[in-house]
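Reviewing the structure listed below.
The values are calculated or read from the model by the stated rules, or taken from the named source; none is laboratory data. This structure is a prediction, so every number in the text was calculated from the model and none was measured. Glycine gets a Cβ as well: all are built from the backbone with ideal geometry, and neighbour counts include every protein chain shown.
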């Protein structure tokens, strides 16, 4: 009997398998596809995910396989309306103050390699065709290509199987939302021109928009835009791409290597957990590609769930702990979908108001945001996902300084300290207490009794700027979020155990 059956081997399922394995939890991961993806769907790895990868020693390998996104440019009717330098836009906020371009197919292959080094192999051409809840977990019917079938029992099942999730359908979770009217395309192309500068370009026109994303290979870019509807019965192709925005840009497409069309949906499942079954990634939430958030959100789901499953399966925590997964991740998904929906609506909608917003309001506002330090920092916090917080959920309590229970632990560089920064401690993947200033003997005894790692950091100006309170106590979860912040031991996180 497996502890966790993972259905789906995209970045979300692979990350869940990897983190559970690091926690010592046996997993079984299956996928209906014959191999890892071969097309570059999602492209951007955000800073928060790189921070998580650093916890398990993979950040530098990931960065080496990708390319830092240098800048974003806004074009309106063929004229450059704004340019924002993204190099180190998050300086002082994260050890990875940038966004990384790493195509999803490369990302998946990397995660598969790492899992295989850990002794876990994805079972390919394998599907789940039946799922039943039992007293001690789930029973699934596993079918392989060719007809061979077996029953698999597991304590928990994780549905990481995409927008058409079998697991979601099997547990009867509603998936409300909607679909945008326009049909969109995504194309990986070889091109020439001034826009092949390793920067992101967004072009807006009266009735069209285009996104150009750099790819790792020189001369290759990803295009995202709208297509004209073809006649009934005819397959839509490159010739059907809307040309208004594309034609105005200094870009010449020479070869189209991959082209696909799709309708963009915005949906969030009504529940991310039912009994022993969980939904993650696109099985739980789908939305527009605005901001490069989709894949990163799924990976965040996986890391959030992994340590909680480990706490229940290995540390004896009550199963009620798992309710916090739905509270924390569904609330974020709802906010994300609502935000990307508003932005995408004005980027793609027809009509006078939408045209005005696209071609006048946005070009006026965006440069002002990036012209100020405060605006740049806010933009980085939002897009990088370092601003994701769980203050209103059960595992979060207290506040000390500007840091609340439920916040991501603020990052602080420690020049001259052998640890380098306060995030180095997070690599243990264990519960830990942080103190910035002085820790007395009573705190040392307290942490020893509860098996919390104790990390004491010197008080300095950088610590104060990060929002910490001097000599306060910050109980930090295995995923790097603050469970409890307080100035005394009496208000510590209720029920938290190492």
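At a glance:
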read-out	value
Residue in segment 1-10 that is free of Cβ contacts under 8 Å to residues at least 24 places away in the same chain, under 19 Å from the mean Cα position of the chain (by Cα) and farther than 25 Å from residue 219 by Cα present	no
Test result for residue 193, farther than 30 Å from residue 247 by Cα, surrounded by fewer than 20 Cβ atoms within 10 Å (Cβ to Cβ) and either in contact with a helix residue (DSSP H, G or I) (Cβ under 6 Å, 6 or more places away or on another chain) or modelled with pLDDT of 95 or more (or both)	no
Residue in segment 160-176 that is surrounded by 17 or more Cβ atoms within 10 Å (Cβ to Cβ), closer than 28 Å to residue 361 by Cα, touching a strand residue (DSSP E or B) at 6+ places or on another chain (Cβ under 7 Å) and touching a residue at least 24 places away in the same chain (Cβ under 8 Å) present	no
Residues of segment 413-431 that turn out to be outside any helix (DSSP H, G or I) and crowded, with 22+ Cβ neighbours inside 10 Å, as a count	1
Restricting segment 1-27 to residues that are part of a helix (DSSP H, G or I) and in contact with a strand residue (DSSP E or B) (Cβ under 7 Å, 6 or more places away or on another chain), the residue that is surrounded by the fewest Cβ atoms within 10 Å (Cβ to Cβ)	21
Qualifying residue in segment 39-47 (condition: at pLDDT 95 or above and assigned to a helix (DSSP H, G or I))	yes
Residue check, residue 401 surrounded by fewer than 19 Cβ atoms within 10 Å (Cβ to Cβ) and outside the structural domain of residue 473 (by TED's automatic domain parsing)	no
Residue list for segment 372-390, restricted to those being crowded, with 16+ Cβ neighbours inside 10 Å and either under 23 Å from residue 43 (Cβ atoms) or without any contact (Cβ under 8 Å) to a residue 12 or more places away in the chain (or both)	375, 376, 379, 380, 381, 383, 384, 385, 386, 388
Hits in segment 97-116 (condition: out of contact with any strand residue (DSSP E or B) (no Cβ under 9 Å at 6 or more places or on another chain) and in contact (Cβ under 8 Å) with a residue 24 or more places away in the chain)	97, 104, 105, 106, 108, 109, 110, 111, 112, 114
Flag for residue 93 being outside any helix (DSSP H, G or I) and either without any contact (Cβ under 8 Å) to a residue 24 or more places away in the chain or surrounded by 16 or more Cβ atoms within 10 Å (Cβ to Cβ) (or both)	yes
Meets criteria (closer than 30 Å to residue 302 by Cβ, at pLDDT 95 or above and either touching a strand residue (DSSP E or B) at 6+ places or on another chain (Cβ under 8 Å) or exposed (fewer than 15 other Cβ atoms within 10 Å of the Cβ) (or both)) for residue 495	no
Selection from segment 104-132 of residues that are under 23 Å from residue 153 (Cα atoms) and in a helix (DSSP H, G or I)	115, 116
Qualifying residue in segment 139-159 (condition: within 26 Å of residue 289 (Cβ to Cβ) and either surrounded by 13 or more Cβ atoms within 10 Å (Cβ to Cβ) or out of contact with any helix residue (DSSP H, G or I) (no Cβ under 8 Å at 6 or more places or on another chain) (or both))	yes
Boolean, residue 285 is in contact (Cβ under 8 Å) with a residue 24 or more places away in the chain and under 29 Å from residue 77 (Cβ atoms)	no
Scope segment 241-256; condition assigned to a helix (DSSP H, G or I) and modelled with pLDDT of 90 or more; matching residues	246, 247
Within segment 196-246, considering residues that are in contact with a helix residue (DSSP H, G or I) (Cβ under 6 Å, 6 or more places away or on another chain) and without any contact (Cβ under 8 Å) to a residue 40 or more places away in the chain, the one surrounded by the most Cβ atoms within 10 Å (Cβ to Cβ)	210
Residues being crowded, with 24+ Cβ neighbours inside 10 Å and modelled with pLDDT of 90 or more - total across segment 280-292	6
